[in-house]
1. In region 125-171, what residues are closer than 30 Å to His540 by Cβ and among the hydrophobic types (A, V, I, L, M, F, W, C)?
2. Taking the residues in region 462-479 that are modelled with pLDDT of 85 or more and of a type in the set (A, V, I, L, M) as candidates, determine which candidate is surrounded by the fewest Cβ atoms within 10 Å (Cβ to Cβ).
3. Being out of contact with any Lys or Arg (no Cβ under 8 Å at 6 or more places or on another chain), surrounded by fewer than 20 Cβ atoms within 10 Å (Cβ to Cβ), at pLDDT below 90 and assigned by TED's automatic domain parsing to the domain that holds Ser623 is the requirement here; does Asn509 meet it?
4. Among Asn509, Asn501, Asn453, which is out of contact with any strand residue (DSSP E or B) (no Cβ under 6 Å at 6 or more places or on another chain), closer than 22 Å to Ser182 by Cα and not aliphatic (A, V, I, L, M)?
5. Exactly one of (1) over 34 Å from the mean Cα position of the chain (by Cα); (2) closer than 30 Å to Val205 by Cα is unmet by Ile344. Its number?
6. Just for region 366-398: of the residues that are without any contact (Cβ under 8 Å) to a residue 12 or more places away in the chain and of a type in the set (Gly, Ala, Ser), which one is farthest from Gly610 (Cα to Cα)?
7. Filter region 477-512 for residues that are part of a helix (DSSP H, G or I) and touching a helix residue (DSSP H, G or I) at 6+ places or on another chain (Cβ under 6 Å) and give the result.
8. Suppose we filter region 598-627 for residues that are surrounded by 16 or more Cβ atoms within 10 Å (Cβ to Cβ), of a type in the set (A, V, I, L, M, F, W, C) and assigned to a helix (DSSP H, G or I); how many remain?
Amino acid sequence: MKYRPEIDGLRSIAVLPVLFFHAGFSLFSGGFVGVDIFFVISGYLITSIILNERIAQTFTITNFYERRARRILPALFTIILFCIPLALSLMTPGELKDFALSIIATSMFSSNILFWQEAGYFAGPNELKPLLHTWSLAVEEQYYLLFPLFLALTWKLGFKWIIGLLIIAASSSLILSQLATSNFPVANFYLLPTRGWELLIGVFVAFYLVTKNNESSLLPHWLSELAALLGVFLIGYAVLVFDSLTPFPGLWALIPCIGTALIILFATPKTFVGRFLSLKIIVGVGLISYSLYLWHQPLFAFARIYSQEDLTTNAYFFLIFLSFLFAYISWRYVEKIFREKNRISANCIFVGSGMISLLLVLLGGLIYFKTPLFVNGEIYSRSTQIENLKIGRLDNIQSGICHFNGLGKFKTFDEFLHNWSCLEGDEKELTTLNIGVFGDSHSSDVSMSLRLNGIDFIQLAGANCELMAEARPQPIYCNRIREKFEQTLKDRGVTSVLLANNFNYEELNAQNLSKIFDYWSTSYANVFIMSPMPEAIELHREFLTFGSVTKPFSLEKNKIFYDLISTVKIPSNIIILDSRIFLCSQASEHCFFKDSELRMVDETHLSIIGAMKFGELLLESNSIKALIENQQMLRNE
């Protein structure tokens, strides 16, 4: 296959936005599409090699997998081995267990499945996972297992049949991806069935160029120039305009993928784009792009873990410099050496890769099952204390009974909704408050706090469910939860609601808050909305390390919330409950670490002890007092 330097240049266009996006540079809000560019390039290159060899009757499965192993594994194993001592030194026991699983999954090219499964209720922050980025390698390797076998089975049918079947596969994958953007967004992001169409775009480009066999005759020169420039524009648009609110992948992913296909097809050495991508410095970045992609995430993740604070812009620039330095060393002394067949034989590649993979799987299993061997005893004891607090919290928020999170008694949503009966008056020893509590897990913390202080009510909540469904993609069950909640209140004549929500930054804007206020105030006589919870940033890391907590709560979300509502018209029947007063006033007894007792199980969720204190303070508020007194008067009448 003829070498095309502009393809290496295109690799640099793919990897740089990923680095800048992960560094948090707002200009590159859509930098995540770099992975999609890689998928198209990979589909094109692999298919071109296979087709040319099949036409020349030199293709063998053994040679194909040997090339893949030489290309992928040495640098990947180097990264994993680099990460292990840092993880043992810097990670908490819980983080170390998660990292151990990622070693196993990455070594077995199934990390995309692991990270999909881990994206649950108590998933750790993605930015602290050193091997998170290997999900894309897993998608490609799963594709490499299937595609050569597909061609072997269909080769005798001819190109028309093969392309027809591939069109069906790509169309099905794209449709599935689009449907999954709102229904199953996490699976949509990580899994091959919804990503396969992106690789297949590269496959179609390869079939077209191989059958044409003359790239320069595709279009008149001026049209090739325009097509290549359009490709650059589409990629640039995606990188600069897309953001976390863009439903992705799905139809929106067509923009960078088609842009990549246009560049591969038309950015020949005779075009401006082709000449630009062939510049030595651009090609140089492309040559080390695989190692650069591998190195940046572990360096970023461990720096964040070590600092325990948000990294500065200068820190990210330094980490990017280190990424380039390590990438060059990795490319020069690992990638290049292992690609030379005269230096390292095929048997050495296969046997060595198998042995190292097995060793990493065993090591990952040892770290996972024997974590106490690798961490300080006191730290492990404190970690166990936190895990027990989390279990206690799940029981008290009535997980799987009143609050849906895929855990607890009823794990599937249909089973949960069918059995839901979290109504006021169920527990006779509690004082009934004729109010409904709705929202995400924070509303369940409020519910736990009230019940622990003797108050009963109607509760229905779901993990990650917003107060409005329009701010960002949310789980498919959330709309059904809200509909069930509102219908129940209507049937029982309840006219008061208490709403609590984590308020992700995507939701914290004036337009969304106005919609929330308007929606709920028109249906209910009394609407109580809890302000965002103060966040105990790095609470556990400090507690695990020192056995105490001294860092103050972060009030960033609260500040944004109150700044916004000062500009928004608030209906007269809406009352804002200030979580700052309840959680951490200047009085020491209100702080959420006291007498060696953790009153939070993570940055924003309450432990049982914390909930009891929170409930006391909540019931002391004038607004809730007035509601209780009013309802008591109505009952007496």
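The values are calculated or read from the model by the stated rules, or taken from the named source; none is laboratory data. The model shown is predicted, which means the values in this text are computed figures rather than measured ones. So basically every Cβ, Gly included, is an ideal-geometry build from the backbone, and we count neighbours across all protein chains shown.
1. Our first condition is that a residue be closer than 30 Å to His540 by Cβ; within region 125-171, this holds for 125-136, 138.
Listed by number, the residues that qualify are Leu128, Leu131, Leu132, Trp135, Ala138.
2. Ala463
3. So Asn509 passes the test.
4. Details: Asn501 fails: out of contact with any strand residue (DSSP E or B) (no Cβ under 6 Å at 6 or more places or on another chain); Asn453 fails: closer than 22 Å to Ser182 by Cα.
The conditions single out Asn509.
5. In the conditions (1) over 34 Å from the mean Cα position of the chain (by Cα); (2) closer than 30 Å to Val205 by Cα, Ile344 misses (2) alone.
6. If we take residues in region 366-398 being without any contact (Cβ under 8 Å) to a residue 12 or more places away in the chain and of a type in the set (Gly, Ala, Ser), then Gly377 is farthest from Gly610 (Cα to Cα).
7. Keep residues of region 477-512 that are part of a helix (DSSP H, G or I), which gives 477-492, 510-512.
If the condition is that a residue be part of a helix (DSSP H, G or I) and touching a helix residue (DSSP H, G or I) at 6+ places or on another chain (Cβ under 6 Å), then Tyr477, Ala510 are the ones that fit.
8. 10
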